[in-house]
Amino acid sequence: SNQSTPLNTQYPTFPLSYYIYVLPLYFQQHKSLTFPLLISLHNKFIPLIQNFKLSHLLQTSLKYTTIDVIHYLYCNEIRTNNIYTLLLEQSPSYFIKNLYTYLPLYDKIDMLFLIKPYIQQLSCNLISTYAIQYIIEQTKLDNEKIIIMNSIKDCFKDFFINTYGAYVLVKIIGSCNHLEMITEIIEYAVNNLSMLSFNNNGICVVRKVY
């Protein structure tokens with residue numbers, strides 16, 4: 001019977017309030033996201049992760065979800081929306097940063113390129129900086145780290161003198177395995193040492209460099 005499955009894909013037009021009520025019940029029995037569930041949530045997924053409680057619930061489900069379903073989720077729900085504005089909101093930014101951990105490498109690279117044009121604004125923002133810092137901590141491979149370094153190299157000053165931007169630089173320095181990957185940060189710190197020494201945020205990064 002269709003009524004036995006509350007999130008049946010034959011009913012894609014349920015109002016958002018329905019899912020807010022039903023999803024917690026669903027996840028009591030099923031820990032993971034599935035293709036049928038995501039199909040039923042199409043065009044409703046973003047409002048769901050804007051809800052604090054449901055965002056947390058959906059984040060928890062990611063660790064039980066298969067990689068092909070996570071790829072589908074990223075391509076059809078996250079990538080098709082404005083990732084910049086989502087990262088500026090608290091609950092969606094928490095979801096996106098946790099999603100990054102479970103993405104296959106090619107989707108991680110894609111997300112980094114989507115974020116790249118907005119890296120300075122996101123890093124220096126009170127809400128989105130935590131997502132950026134977390135994503136930096138989760139980068140494991142050099143090709144991920146290179147994209148991040150290329151994203152910030154034209155706006156070092158903005159990072160050094162901003163409270164949240166400085167923390168992002170500290171995360172980058174701490175996560176890089178090769179000194180040559182952070183050479184440009186070190187050179188900027190050395191060349192602007194007198195200016196940075198009188199800035200509380202700048203001196204925080206300088207200490208990390210030295």
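Brief remarks on what is shown
- When K140 is tested against (1) closer than 18 Å to N98 by Cα; (2) part of a helix (DSSP H, G or I), only condition (2) is not met.
- Per the conditions (1) assigned to a helix (DSSP H, G or I); (2) surrounded by fewer than 19 Cβ atoms within 10 Å (Cβ to Cβ); (3) of a type outside the set (D, E, K, R), the sole criterion not satisfied by F14 is (1).
- If you go through region 42-88 and keep only what is free of Cβ contacts under 8 Å to residues at least 24 places away in the same chain and either in contact with a Ser or Thr (Cβ under 7 Å, 6 or more places away or on another chain) or in a loop (DSSP other than H, G, I, E, B) (or both), you end up with N43, T80, N82.
- Test: residue in region 87-97 that is closer than 17 Å to Y167 by Cα, small (G, A, S) and at pLDDT 95 or above: no
- Region 66-77 - residue that is open to solvent by 10 Å² or more (accessible area, probe 1.4 Å) and hydroxyl-bearing (S, T, Y) and, of those, farthest from L114 (Cα to Cα): T66
- Filtered residues of region 30-65 (kept if surrounded by 14 or more Cβ atoms within 10 Å (Cβ to Cβ) and aromatic (F, W, Y)): F45
- Selection status of S91, within 14 Å of the chain's Cα centre (by Cα) and not hydrophobic (A, V, I, L, M, F, W, C): yes
- Some residue of region 109-120 being within 22 Å of I203 (Cα to Cα) and at pLDDT 95 or above: yes
- Region 98-119 - residue that is touching a Phe, Trp or Tyr at 6+ places or on another chain (Cβ under 7 Å) and either among the hydrophobic types (A, V, I, L, M, F, W, C) or surrounded by fewer than 19 Cβ atoms within 10 Å (Cβ to Cβ) (or both) and, of those, farthest from L57 (Cα to Cα): M111
The values are calculated or read from the model by the stated rules, or taken from the named source; none is laboratory data. Remember, it's a predicted structure, so these values are computed and weren't measured experimentally. Positions of Cβ are generated from backbone atoms using ideal geometry, with glycine treated the same way; all protein chains shown enter the neighbour counts. Just the protein is used for accessible areas: all its heavy atoms, side chains included, with ligands, DNA and RNA removed. Shrake-Rupley method; radii C 1.70, N 1.55, O 1.52, S 1.80 Å.
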